[in-house]
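Visitor: Starting off with a structure, shown below.
Values in this text are rule-based calculations from the coordinates and carry no lab data. Keep in mind it's a predicted model, so treat the numbers as computed, not measured.
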């Protein structure tokens, strides 16, 4: 059984025992997290597509670690103007292990 969940403005296809990296979620490593926005649920009985979400479906997970993504450099240069700007950014990420996908 697998599900398509929405978190952090992105969609992820997950099943039990998957490890995914999502945008930062509050919590410490070892804490449980639940995803309520299930867009699609598929199992042996066929697929269920939500409008917009599947009622009663739930995906449970456990936070593995809080980390930061790779550094991204935003460099802007205006030629012949003696003007340049360099900025760096690292996104906060959360690694989650999916423990269960529950149908309604």
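Visitor: How large is the direction-averaged shadow of the alpha-carbon convex hull of segment 41-90, in nm²?
Guide: Hull-based average projected area comes out at 7.8 nm².
Visitor: If you don't mind, there's one more thing I want to ask. Of the residues 87, 68, 79, which exhibits the maximal mean-square fluctuation in a Gaussian network model of the chain defined by a 10 Å Cα contact cut-off?
Guide: Of 87, 68, 79, the most mobile in the Gaussian network model is 79.
Visitor: Right, here's the next one. If you take the Cα atoms of segment 2-102, find Rg, then find the Kirkwood Rh from the mean of 1/r over all pairs, what is Rg/Rh?
Guide: Looking at segment 2-102, the ratio lands at 1.19.
Visitor: Report relative contact order for segment 47-104 in percent, whole number only (criteria: Cα-Cα under 8 Å, sequence separation at least 6).
Guide: RCO, segment 47-104: 47 percent.
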